[in-house]
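Student: This is the structure, below, for whatever I ask next.
The values are calculated or read from the model by the stated rules, or taken from the named source; none is laboratory data. Remember, predicted model here, so these are calculated numbers, not experimental data. Methodologically, a virtual Cβ is constructed for each residue, glycine included, from the backbone with ideal geometry; neighbour enumeration extends over all protein chains shown.
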Amino acid sequence: MTQLQGMLNAHHPYVPLYKQAFQIMREKPADEQQDVTVTLRADRNQDMRRYNLPTADDEVAAVIPGDGSEDRSDHRDIVLRLHAGGALKRISNLHPSYSCLHYVLLFPNGEDGWHIDIPSHPGPQGQRRTPKVSQRAFYAHHLHVRPGEQPALFWGGKLLQQFSVDGWAAIQQSMLNWVRYHQKELRADVYQGLRDAAVGDRDENINLAEHGRRVILPSSHTGSERYMDQLFQDSMAICHFFLQARYFLNNDCKP
């Protein structure tokens, strides 16, 4: 630990700027320094079959608090405190320094992470899909093993798994945020449900809160309800064209 601490003090550009957790704990009274716990709590009023706590030690999962109604534009961030004092500062996961400040050992030299202004490199014929590097492409590039000496990222063990899950959660949340603020482009107002209840029979007893959805997820969003409906319709169309299927293979079955 002493060698790691010395290495970070010598090479990481942000370590001298911000206080570390052990330094903050030292400033607390002696009786409070040993009483530190981390607890996962579950509200018994919720459906426990849906909001389950992790039960297996070998599974990798992301725990994102909230019920989905919050504004998640900066839902995962870190809180920083300068050595000079002052108010606490929050850095969003969209900040280029988020990765090296959250995963200090994986980025010991303070390398920048993904941000919205990374220009994409054109291909051999000058082609490129987008002018800026997407969040998905950035993580896919950094998690790809290449010949030669591997960076410190691939020596992280379970910390690498946490970084991968955190990156996946960031990508999913960015996609959900885009859907939330682009409902007009997705023509969500033409879907049946809320509009039919609002302009239909004009029944005063209708509770609009019980109809429709606050945010409509398109079929292009993997895992959404309309995505699953589209897969079902495609499967039925295939069966109609090639006649009834004779075999059904379930990849989730275990011996």
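Student: Given the structure, is H221 surrounded by 10 or more Cβ atoms within 10 Å (Cβ to Cβ) and either modelled with pLDDT of 60 or more or assigned to a helix (DSSP H, G or I) (or both)?
Tutor: yes
Student: For segment 98-116, what are the residues that are buried (at least 18 other Cβ atoms within 10 Å of the Cβ) and either more than 15 Å from H11 (Cβ to Cβ) or among the β-branched types (V, I, T) (or both)?
Tutor: Across segment 98-116, the qualifying residues are Y98, S99, H102, G113, W114.
Student: Now for a separate question. Tell me which of these Y139 doesn't satisfy, since it passes every other one: (1) surrounded by fewer than 16 Cβ atoms within 10 Å (Cβ to Cβ); (2) at pLDDT 90 or above.
Tutor: So the condition that Y139 fails would be (1).
Student: Which members of segment 123-135 meet the condition of being surrounded by 16 or more Cβ atoms within 10 Å (Cβ to Cβ) and either not hydroxyl-bearing (S, T, Y) or not in a loop (DSSP other than H, G, I, E, B) (or both)? If you could, list the steps in order and put the result at the bottom.
Tutor: Start the filter on segment 123-135 by keeping residues that are surrounded by 16 or more Cβ atoms within 10 Å (Cβ to Cβ), which leaves 133-135.
Correct list: V133, Q135.
Student: Something else: For the structure I just gave you, tell me whether P96 is assigned to a loop (DSSP other than H, G, I, E, B) and touching a residue at least 12 places away in the same chain (Cβ under 8 Å).
Tutor: For P96, the condition - assigned to a loop (DSSP other than H, G, I, E, B) and touching a residue at least 12 places away in the same chain (Cβ under 8 Å) - is met.
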